[in-house]
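Only the coordinates and a few stated rules stand behind these numbers; no lab work does. No experiment lies behind these values; they were computed from the predicted model shown. Reconstructed Cβ throughout: ideal geometry from the backbone, glycine too, with neighbour counts over all protein chains shown.
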Amino acid sequence: MFLGALKLEFQGRDIVSIEDFSREEINHILDVSSSMEPLSSKGSDMLKGKILATLFFEPSTRTRLSFEAAMLKLGGSNIGLDSEIASIKKGENLADTVRTVENYADAIALRHILEGAAKLAAEFSKVPVINAGTGAEEHPTQAFIDLYTIRKEKGKIDGLKIALMGDLRYGRTVHSLAYALALFNIELYLVSPESLRMRKDVLQTIKTKIPVTEDANLETIMPQIDVLYVTRIQRERFPDAAEYAKLKGAYKIDLKTLHNAKKDMIILHPLPRIDEIEAEVDNTPQARYFQQVGNGVVVRMALLALVLGAVK
Amino acid sequence: MFLGALKLEFQGRDIVSIEDFSREEINHILDVSSSMEPLSSKGSDMLKGKILATLFFEPSTRTRLSFEAAMLKLGGSNIGLDSEIASIKKGENLADTVRTVENYADAIALRHILEGAAKLAAEFSKVPVINAGTGAEEHPTQAFIDLYTIRKEKGKIDGLKIALMGDLRYGRTVHSLAYALALFNIELYLVSPESLRMRKDVLQTIKTKIPVTEDANLETIMPQIDVLYVTRIQRERFPDAAEYAKLKGAYKIDLKTLHNAKKDMIILHPLPRIDEIEAEVDNTPQARYFQQVGNGVVVRMALLALVLGAVK
Amino acid sequence: MFLGALKLEFQGRDIVSIEDFSREEINHILDVSSSMEPLSSKGSDMLKGKILATLFFEPSTRTRLSFEAAMLKLGGSNIGLDSEIASIKKGENLADTVRTVENYADAIALRHILEGAAKLAAEFSKVPVINAGTGAEEHPTQAFIDLYTIRKEKGKIDGLKIALMGDLRYGRTVHSLAYALALFNIELYLVSPESLRMRKDVLQTIKTKIPVTEDANLETIMPQIDVLYVTRIQRERFPDAAEYAKLKGAYKIDLKTLHNAKKDMIILHPLPRIDEIEAEVDNTPQARYFQQVGNGVVVRMALLALVLGAVK
């Protein structure tokens, strides 16, 4: 029965949505990411001669630099366009842009303000398209990074109690992550203001697979949870400044919030943070968000090597 | 009689205007482009250690990415500045910028809003300057790409009937292309609104060399032509929105327009297109504009390799 | 007595302020720069696999391109963000940006509008931080370039008579340069408008070490000086346009100004210039400001190779 092994085919594949990946495929991506750790420091020629085009129609320095570093560490190189320049080019549709850029590059990493942009790009592109964040829905590479960080820090994913906190409605990283976590045997806790609760469609899907505690109280669950995943609450989501200030304050992590946390609990955050995690937390043993950034490079190395056929 | 061969000297040469090149030299550039096809997919170290500076004082993602991809595929690398940044630097003159950047790079690809900018840059620069589009007049590398695509698709250039359509007055690609085509034994048809007719100076030059049919009717010539070169008609050229809408509609290609076209006619476009070619045309056997984009890379590989002395 | 040799340790070191360097260390950096001259033209793999992140929160095309060229000539590569993009990312503090980017790169070149930014970044960064210009105070790599150019052109630094001219108050290059020159046995002449005199704190420090003539008259000192270092006088420094026009005219170099200069005197300028050196001066034997730009690459190659441990 080689069925599982036979299904794992990544070369030429698009990375559009986390929902396209099985638990087995995710585990394989995490294994390959792990094998990239030594190459991340000593370098490799695995992707020599390969070019990644980073098409960022919405700015995201962090994600772009992470993809570029991943490519360079595997011996490849980068070309790209940024939102400022792209915005000038108004008029051309995404399909034409993709059919142009596929002539210049071996893969495309696409960031776009519109949901569905990566899917559309993948349909038109001859080369693999990697979704680097689109709309409010999908950010699959960040989800792989989150999973990798959890597995690396905790040694496993199954059996953990994981809390997602902050803006669960518009924050795109939590949607991709929630879908992925639902493939593992975990217990999920959702901590957010009423108006920023997890989207109904996401919630419905994951509730059929794992136990989910909605509207959890952070102080109450703190002693039990193994992973606390914090996200930003953005000013723009609130018409009322006073309302924003009040809510923001209630979803902030500081040393006091952590007083009853497990010693080996870990705090993650997709970054950038504004002030939802106080600087005093940075030096606690629980803080892992900067390590998470570093993991971003090896996970993207793995994804690039896989879709470009450099590893199986 | 080694006369021809002796004249072909490209190392260190600037690519400022298509008018600086003889028919023999153009053919040589197309031959070298052809030899770049295999290197485009498998890569090369031909320009290892060489640096191209892309100075784009006017945005053009497509042309910049194409040059960068060409450089990378030959093992070289890129540095560059974009219009946004450059605009901040106001105050410094182009001559000083060039005398600075020549210290950082082995060649310069320059895009500028002003005619004559590439010529000026070439006069001051110790390293070869390649005109990547200046003013409304010159875009020589695009002309080489157009010629290469015609020769590759039709097997030859001599003997063809070629129509240029759209904005023949301000569109810079058609001027460079018209000059170049006049060196071959072709018949030229010009199809454009009254107000966007081919510039007088260009017309005068080419009419002394090849038969030119001005103000041709597209439907009438469609059954005879071998190449249809379409360009954008830009809104900004018209004070009157209604006038623009009317004209634009008359210079649009769709399946109906093509009903009496030759089966082996080819449609080219320098891209980006807005809506002058309908999406339904993309899957016709005539559509070649996305292949044309791909040819941009091999032609620019050839030009870079030639001026940097990596090939003869 | 290996004392001196033992002190010279550059691997992993930050380049924040010129004041952190001894005369011996500066001389060593200039020697290593000299050894980079052949590598600058023929290339090297000394930094293969290494990545420099250029974080430019204030635009400076020249400095950024110079760092990037240096990295490429040593076989390394670059990732970076520009001020336009960075400005969007408002909200994240510099410490977080640094702790993110250190995961992507082996060294960081930082340009920032605020004094102290490089120092702060160096405190948080695991990888070496190179100050690429911060606030009005420090631009240490430019100072190394200036010293290198003087030593290369004049064969030595000790014993020279050097004039600094223009905006000595706000121009950041002259502060770093003045500190560095004070470590050598030189005579310094300061030529500037009353309102743009050298900052008091800088002046006090250097006057304890070398003879300084304040408020020198350019015509009087011209026959004696070996080096004339010219800087821009920026419009923004003056509330009054008439005052600006008058002063600017008085601190301009043309052929007439140079009539009584030594034949082997050299003119330097950190560039970009506006009009404080007339174009007619460019072809005099004294003009060395474009060579100075070229020296920027070898000096930055040396600094990168040193802090990344590729040379001792």
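Just a few scattered comments:
- Rounded to whole Å, sorted largest first: equivalent-ellipsoid semi-axes of the protein assembly as shown, Cα gyration tensor: 45, 45, 25
- Each Cα pair under 8 Å and six or more residues apart adds its sequence gap; the mean of these over the residue count of the stretch B:141-293 is a relative contact order of 24 percent.
- Protection proxy ranking, highest mean first, for peptides B:116-127, C:182-193: C:182-193, B:116-127, where packing is the per-residue count of other beta-carbon atoms within 10 Å, averaged.
- Magnitude of the charge dipole, the stretch C:176-248, Cβ model with Lys/Arg +1 and Asp/Glu -1, debye to 20: 240 debye
- Inter-centroid distance (Cα atoms) of the stretch C:250-277 relative to the stretch A:190-237, Å: 67 Å
- Computed about its Cα centre, the charge dipole of the stretch C:141-293 is approximately 380 debye, with only Lys, Arg, Asp and Glu carrying charge at their Cβ.
- Between identical copies, the spacing of C:D240 label points, each set 7 Å from Cα toward the C-beta atom, reads 5.5, 5.6 nm from nearest to farthest.
- For C:K263, B:K154, order by how many other beta-carbon atoms lie within 10 Å, fewest first: C:K263, B:K154
- Short-range pairs are left out: with C-alpha atoms under 8 Å and at least six residues apart, the relative contact order of the stretch A:171-214 is 53 percent.
- The P(r) of the stretch B:101-157 has a tail past 17 Å containing 47 percent of all C-alpha pairs.
- Estimated distance in nm for a label pair at C:I274 and B:K156, the labels positioned 7 Å out from Cα along Cα-to-Cβ: 6.2 nm
- If you take the Cα centroid of the stretch A:115-179 and the Cα centroid of the stretch C:26-49, the two points sit 43 Å apart.
- Net charge of the neighbourhood of C:M198, taken over other residues with C-beta under 13 Å away and scored Lys/Arg +1, Asp/Glu -1, is 0.
- Three principal axis extents of the stretch C:141-293 based on alpha-carbon atoms, in descending order, are 41, 37, 30 Å.
- Chain A: antiparallel DSSP beta bridges as a percent of all, rounded to 5: 5 percent
- Legend: distances between Cα atoms for B:K200/B:K248; A:K48/B:K119; A:K119/C:K126; pairs beyond 30 Å are A:K48/B:K119; A:K119/C:K126.
- Selection from B:P193, C:A178, C:L308, by position along the positive dipole direction of the protein assembly as shown (Cβ): C:L308
- As a length-normalised measure over Cα pairs under 8 Å and 6 or more apart, the relative contact order of chain A settles at 21 percent.
- Intensity falloff of chain A expressed as log10 I(q)/I(0), Debye formula with alpha-carbon point scatterers, at q = 0.09 Å⁻¹: -0.45
- Neighbouring partner chain Cβ atoms per residue of A:277-287, average, 10 Å criterion: 1
- With its label point defined 7 Å out from Cα along the Cα-to-Cβ axis, C:K263 lies at 8.1, 8.1 nm from the matching points of the other copies, in increasing order.
- Förster radius 30 Å - calculated FRET efficiency between C:E219 and C:E243, Cβ distance, rounded to 0.05: 0.90
- Position C:E123: other-copy label points at 5.3, 5.3 nm, ordered by increasing distance, label point 7 Å along Cα→C-beta.
- Dipole check for the protein assembly as shown: with +1 at the C-beta of Lys and Arg, -1 at the C-beta of Asp and Glu, and the Cα centre as origin, the magnitude is about 1160 Debye.
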